[in-house]
Amino acid sequence: MSFVDKNSDDIFDVDFSELDEKGSEEKDIPVQSQDSKSKKQSQEKQGNQEENAIQESNNADVSEIEELDILDDSLKDLPGVSTGKIGVKVSRFLVERCRFTTSKKERLSIIKDDVIPVKLHYDEDTGSFICFEGKCCEMLGFPRVKYVYPVVFYDTDTKGKIQSKDIQVKVLSVGNEQNEDLITINEVQGDITGFDLLVSCKDEQYQKISFTVAGKAAWRTRPEMVQFVKNFLTRNKKHLLTAVGKKLNESEFLKLMGYSESEQENLDFDDVFPDD
């Protein structure tokens with residue numbers, strides 16, 4: 001039996017008022033004897049009592065289920081497992097890269113003045129990967145340079161105002177122009193790690209962003225946040241570049257580019273880059 005109007009575009013659009021009206025429609029029934037009526041009333045009364053008992057039992061069960069803690073430490077301590085309510089999103093990377101949108105200002109804080117310059121290549125067959133200074137440069141040309149900073153990323157509203165104590169540790173990956181902006185802030189304002197920065201995005205596709213100093217670094221005033229950041233970096237510092245670019249050796253690179261092992265052995269780059 002279907003509770004859905006066949007003409008409805010949404011199979012989950014259930015109108016319970018229609019069901020109630022359908023159940024309350026009068027029906028023609030044959031005249032019954034008094035004994036038959038009494039017997040039927042008794043059966044209906046018993047049925048109602050059983051239904052009420054089932055409803056009370058269901059309510060009790062729901063209450064007990066609500067009290068269950070299924071997100072206990074046995075799940076939280078498993079590698080690769082995180083917990084949360086409906087709507088929580090998880091990155092496939094242990095350390096996520098900051099992404100910005102034009103509809104929302106973000107607030108972050110650079111954790112240390114240590115910067116990680118990374119040479120990166122990109123190809124449709126390989127995606128972004130860290131330059132290994134070999135055939136990747138010969139085949140794809142000079143790499144681009146990104147400057148990577150570990151940052152504290154706040155939970156904010158669209159204007160960049162902090163909404164909760166929830167923080168994340170991410171990496172901020174910027175090009176030369178944006179890195180110069182950070183250098184200027186550090187020179188003019190003093191130690192940049194002591195401030196929060198508001199980030200505005202002008203172009204989502206190319207991640208064109210600008211920075212504005214937004215007061216002292218809020219996370220540094222909370223001991224529990226400082227401890228969280230310390231523990232996270234201690235545990236995941238070796239994964240800081242994972243979301244920026246994958247690590248490939250020469251053989252892996254050539255395989256992704258479509259060369260078999262035998263072709264790799266006989267690969268002549270004069271054939272790849274013929275003389276003009």
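Values in this text are rule-based calculations from the coordinates and carry no lab data. What you see is a predicted model, and the numbers here were worked out from it, not measured in a lab. Neighbour counts are summed over all protein chains in view; Cβ atoms, including those assigned to glycine, are modelled from backbone coordinates with ideal geometry.
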| said: If I model a spin label at K161 and T234 as a point 7 Å from the Cα along the Cα→Cβ vector, what separation in nanometres do I get? | reply: 3.6 nm
| remark: HN-Hα couplings for segment 167-172 via Karplus (6.51, -1.76, 1.60; θ = phi - 60°), in whole Hz with x for Gly/Pro, come out as 10, 10, 9, 10, 10, 9
| field | Exceeding the 23 Å Cα-Cα cut-off - candidates K85/K165; K85/K247; K105/K165; K159/K202 | value | K85/K247
| Residue by residue through segment 201-214, which ³J(HN,Hα) values in whole Hz follow from phi under the Karplus form 6.51 cos²θ - 1.76 cosθ + 1.60 (θ = phi - 60°), with glycine and proline marked x? | 10, 9, 8, 6, 4, 9, 6, 7, 10, 9, 10, 9, 5, 10
| request: Work from the charge dipole of segment 106-259 (Cβ charges, +1 for Lys and Arg, -1 for Asp and Glu, about the Cα centre) and give the residue of N231, Y147, G194 farthest towards its positive end. | output: N231
| said: Give me the net charge for the shell around T193: Cβ to Cβ below 13 angstrom, other residues only, Lys and Arg +1, Asp and Glu -1. | reply: -1
